[in-house]
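Only the coordinates and a few stated rules stand behind these numbers; no lab work does. Since this is a predicted model, take the numbers as computed values, not measurements. Here the Cβ is made from the backbone with ideal geometry for all residues, glycine too, and neighbour counts use every protein chain on show.
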Amino acid sequence: MAFKQQVEAFLNKPHLHVATVILVLGLSALIGGIGYFFGMLVVLLTLWARNWDWGFFGIAEPNWKRAVVQGLLYSIAIFIFTEITVEPIIDRYFGDSDLSSFDNLKGNLANYIVFSLFMWVIAAFGEEMLYRGYMVKRIAIILGNKQWGWIAAITISSIIFGIAHKYQGPAGMVGTGVIGFLTGLIFLRNKNNLLVCMFTHGFYDMIGITLLYFGIQDMDGLIEAIKGSL
């Protein structure tokens with residue numbers, strides 16, 4: 001058996017998938033971003049060992065036009081829905097998210113452009129490959145590839161996704177976990193087109209990044225800004 005086939009056989013074992021999920025969770029909780037990079041190492045090794053079989057991660061039918069349009073619509077819907085219904089509850093019980101890591105975005109066009117490019121690669125592509133394309137799909141298959149198994153996998157992945165954003169504080173972790181769950185539901189609906197989730201994630205983050213660039217942190221701030229411009 002060729003070396004690449006040996007690697008693929010090793011990485012495709014169910015207990016290895018479970019171990020990877022647990023390690024990503026543990027590393028994310030203890031060291032933050034290290035969990036993500038470890039998970040992405042496994043993802044990239046798996047992709048290489050399977051001869052760049054993107055379908056393994058849910059990109060079997062890459063309809064780009066559909067993915068862009070749906071991603072944009074989903075991102076707007078998620079932003080409006082969470083700002084109106086979810087964020088007020090989070091603010092009440094957990095306070096505001098810690099967005100101090102993004103302070104250098106306000107009014108700085110160069111940082112805005114660089115951070116946007118960084119986000120599309122690390123967050124929109126990388127996080128969706130890891131948390132949805134790898135975690136959700138592999139856990140769901142281990143649980144029997146049934147509807148309840150997918151919901152359970154989405155829930156587990158969303159919790160880990162939220163913990164991975166602990167630098168935003170408790171409110172940020174909860175809010176990010178909710179976003180991860182909603183994105184997971186989108187993946188459940190589009191199992192063979194992970195690109196929809198990638199564009200949803202990317203456009204959603206672009207909304208947030210753009211608002212921060214203009215010094216706006218939430219829906220109330222956006223409304224006030226709109227009123228002030230009229």
Relative packing of peptides 155-162, 138-145 - highest average C-beta neighbours within 10 Å first
155-162, 138-145
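Grab the beta carbon distance between ALA77 and GLN217, set R0 = 35 Å, and tell me the FRET efficiency rounded to 0.05. Kindly include the intermediate steps, with their values, before the conclusion.
Values: r = 20 Å, r/R0 = 0.58.
With R0 = 35 Å, the Cβ-Cβ based efficiency is 0.95.
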Distance histogram in 10 Å bins (all Cα pairs of region 79-157, percent per bin):
16, 24, 38, 18, 4
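Test of understanding: what is the full-extension gain from ASN108 to ASN51, defined as 0.36 nm times their sequence separation minus their Cα-Cα distance?
On the way: separation 57, 0.36 × 57 = 20.52 nm, distance 4.11 nm.
Between ASN108 and ASN51, full extension yields 16.4 nm more.
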Which order do peptides 92-99, 179-186 fall in by mean Cβ count within 10 Å, highest first?
179-186, 92-99
Bins of 5 Å, beginning at zero and ending with the bin holding the largest distance: percent of Cα pairs per bin for the chain, please.
1, 7, 13, 18, 20, 17, 11, 7, 4, 2, 1, 0, 0, 0
From phi via Karplus (6.51, -1.76, 1.60), per-residue ³J(HN,Hα) for region 36-45 in Hz, x at Gly/Pro:
4, 5, 5, x, 5, 4, 5, 4, 5, 5
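How much length would be gained if the chain were fully extended between ASN145 and LEU117, taking 0.36 nm per residue of separation minus their Cα-Cα distance, in nm to one decimal? Could you put the intermediate results ahead of the total?
Working: separation 28, 0.36 × 28 = 10.08 nm, distance 3.47 nm.
Taking ASN145 through LEU117 to full extension adds about 6.6 nm, to one decimal.
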Ranked highest first by the average count of other Cβ atoms within 10 Å around their residues, in what order do 61-73, 37-49 fall?
37-49, 61-73
For a 32 Å ceiling on Cα separation, which of these pairs sit above it: LYS106/LYS166; LYS4/LYS65; LYS65/LYS166?
LYS4/LYS65; LYS65/LYS166
Size of region 95-230 as Cα extents on the principal axes (Å, biggest first)
53, 29, 29
